[in-house]
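Here's the structure, in structure tokens; my notes come after.
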Amino acid sequence: MTGLSIKVFLTDSNPNGLRYAEIGLSTVRGFVIPRNSLDKFGNREEKNKTGLYVLVGEDPDIPGRQKIYIGETDNIFKRLSEHNKSEQMDFWESTLVFITKDENLNKAHVKYLESVFIDIAKNSRRATLHNGSNPEPIKLSELEGADMTNMRDQILVLLPILGVSAFEVAHKTKNN
């Protein structure tokens, strides 16, 4: 196995502000958008892209545990703005958004990824999942399926670097 080069860019030089990460020459870009920086993201060209997102906050019922909501959209800023106004989604403090730097990610791709990441989150049992349902994965062509498997793997590398461990598989101990 070879190593990976991961670049993290602090858009306003603040490590707790709006930032994004990329793996080497990959086209996948993962943003961390603190809720109070949503307007800053609204000024970026990526705001209208298709993407997968994860709303992240602390579970009010279980201190120290993350609560997450996984979604997909054709317009990131519009959808996050809707969540920002929703009392049902009041728990989130930041969101992670995954897009591609090109225009090759489409609605079917992000619906597929949404389903896959809901399954991963359920199986990992590391966070409280706020999603009410788990959509069936969209059928993709063999080529697109391979691309989305590659994107899934890259997102799984970026998630813990961006501060979310909800998708890591819990290791069993003798007491589990």
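The values are calculated or read from the model by the stated rules, or taken from the named source; none is laboratory data. These numbers were taken from a predicted model, which means no experiment stands behind them. Here Cβ is always computed from backbone atoms with ideal geometry, including for glycine, and neighbour counts include all displayed protein chains. Ligands, DNA and RNA are excluded from the accessible area calculation, which covers all protein heavy atoms including side chains. Shrake-Rupley method; radii C 1.70, N 1.55, O 1.52, S 1.80 Å.
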In the stretch 58-80, what residues are open to solvent by less than 10 Å² (accessible area, probe 1.4 Å) and modelled with pLDDT under 95? Asp59
Extreme residue, surrounded by the fewest Cβ atoms within 10 Å (Cβ to Cβ), among residues of the stretch 90-120 that are part of a loop (DSSP other than H, G, I, E, B) and touching a Gly at 6+ places or on another chain (Cβ under 6 Å): Glu93
Suppose we keep only residues that are among the aliphatic types (A, V, I, L, M) and crowded, with 18+ Cβ neighbours inside 10 Å within the stretch 6-25. Which one would you say is farthest from Asn150 (Cα to Cα)? Leu18
Within the stretch 138-159, the residues that are under 17 Å from Asp102 (Cβ atoms), touching a residue at least 24 places away in the same chain (Cβ under 8 Å) and open to solvent by 50 Å² or more (accessible area, probe 1.4 Å) are Glu144, Asp147
